[in-house]
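The structure follows.
The values are calculated or read from the model by the stated rules, or taken from the named source; none is laboratory data. Worth saying up front: this structure is predicted, and the values here are computed from it rather than measured. A quick note on method: Cβ atoms are made from the backbone with ideal geometry, for glycine too, and the neighbour counts reach across all protein chains shown. Calculation scope for accessible area: heavy atoms of the full protein, side chains included, ligands and nucleic acids excluded. Shrake-Rupley method; radii C 1.70, N 1.55, O 1.52, S 1.80 Å.
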Amino acid sequence: MSDRNTWAGNLVALTLLVTSASTCLSGSDEVWQHPWRLHTIDQSSRGADGVRLGDVNRDGRADIATGWEEGGQIRVAFGPSQSPDGVWPSVVVGQVRSPEDAFICDVNADAWPDVVSCCEGGEQSVFLHLNPGSSASVVDADAWTTVPVRSTQKVSRWMFAEQLDERRLVLGSKNPSGQIGLLDAASADATLQTIRPAGWIMSLRVLDMDADGDADILYSDRKGARRGVGWLEQKGNGRWQDRQIAGGDCEVMFLDVCTRDDRRYIACNTRNEQILLISGTLQGDGWRVRRIAHPAESGAGKAVAFGDVDGDGNPDLVCTCGLAGGKHGAYWLRGPVLAGPHAAGPGSEPERWSMQPVSGKEIGEKFDRIELLDLDGDGDPDLLTCEERENLGVIWYENPSRRHQLPSR
């Protein structure tokens, strides 16, 4: 069976390739001087705004949830059983106004993953899109049920959501009433608790930041007096402690996090022509900050992700941009991610890393958050994202390294 026929396998195995790709590359860097091959997954609506992964139909392959902001649709694209090169089969799981985020989780504990959408604009609500619960009906748009969470309606402009545990959801929003909030249950009647005021939440990650055995919340807050990258420490009995890390002098955007050599690394893109590369202990302290300059001829910073793009065993940084008309909208930076200056304060001269193109400058204006995974089953991480302005939709860029590797010796 070919690699193309086994590309997706298991979602966990795919995401592990973010840091474990191993590729035998040619001695020349020429392969990296050209844009990667673009593939379209879904172009069925307007304004694709985000890509989130899960296995909605429980077939062991990665599916993609996306909110289409201008089109007013929440869509799921199903990972195909054969080659991922063409348009993927997809379904509309709900129709809402101004969706900003859609993510996959099982909200009613029936073992069938559902979709949660966050809406801003005039809608200002969180919706649950309930999986009909069979492989036959999951592809039928009419079989899905959309339920508003009443405590979130007309409260704030909801931007992002994550699952804290089997019962609770974490929500992030922007003003008015910007906040990080908790839903005590994923249901229409759930109670909303504000645990941190915010200006404009871009990212939420649920992980044990201080290695004490419970889940904490890592965030990036783009606007306001308390903007920056930080984390909320779960203290028990419904109490949370806000621990700000870095980036109070920046308009921070999407972030990513990885752990390597007993240290935690956080990368956060900004609208300030730099990327913050933050490292600290697994106890959530001793933070050091490096600043990496945006390359010339790239758009405004949007997302960043860790991944071993070239298979040398060391993580690189993969980035996307907004305001990228006529500029690079997606590119990657070859490290050193894990070495270099220990700290760089506000106003310090940022480091300049070697840029390699992904999208090129000819197409795409507003790209979004990133997932890195091996979509074509050839052993290296590809770039999954979406583009909103030129309506490229949900897309992926094929990592060229395997196509140019040397024969094994």
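Restricting to segment 216-241, what's the tally of residues that are more than 19 Å from the chain's Cα centre (by Cα), buried (at least 16 other Cβ atoms within 10 Å of the Cβ) and of a type outside the set (S, T, N, Q)?
5
Check whether at least one residue in segment 296-306 is of a type in the set (Ser, Thr, Tyr) and open to solvent by less than 50 Å² (accessible area, probe 1.4 Å), and report yes or no.
Yes, the conditions are met somewhere in segment 296-306.
Can you confirm whether segment 88-104 contains a residue that is modelled with pLDDT under 95 and either out of contact with any Pro (no Cβ under 7 Å at 6 or more places or on another chain) or not basic (Lys, Arg) (or both)?
There is no residue in segment 88-104 that is modelled with pLDDT under 95 and either out of contact with any Pro (no Cβ under 7 Å at 6 or more places or on another chain) or not basic (Lys, Arg) (or both).
Could you name every one of the strands (runs of 3 or more DSSP E) located completely within segment 353-407 that has at least 2 residues being of a type in the set (D, E, K, R) and under 20 Å from Gly86 (Cβ atoms)?
Answer list for segment 353-407: 382-387.
Checking Asn108 against (1) more than 22 Å from the chain's Cα centre (by Cα); (2) in contact (Cβ under 8 Å) with a residue 60 or more places away in the chain; (3) open to solvent by less than 20 Å² (accessible area, probe 1.4 Å), which single condition isn't satisfied?
Here Asn108 meets the rest and fails (3).
Taking the residues in segment 72-105 that are acidic (Asp, Glu) and closer than 23 Å to Arg150 by Cβ as candidates, determine which candidate is most open to solvent (accessible area, probe 1.4 Å).
The selected residue is Glu100.
Moving on to the next point. Take Gly322 and tell me if it is touching a strand residue (DSSP E or B) at 6+ places or on another chain (Cβ under 6 Å) and either open to solvent by less than 30 Å² (accessible area, probe 1.4 Å) or of a type outside the set (S, T, N, Q) (or both).
yes
Related question: Gln274 fails exactly one of the following numbered conditions: (1) modelled with pLDDT of 95 or more; (2) under 18 Å from the mean Cα position of the chain (by Cα). What is the number of that condition?
(2)
Where residues in segment 343-399 are more than 17 Å from Tyr331 (Cα to Cα) and among the small types (Gly, Ala, Ser), which of them is surrounded by the most Cβ atoms within 10 Å (Cβ to Cβ)?
Selected residue: Gly393.
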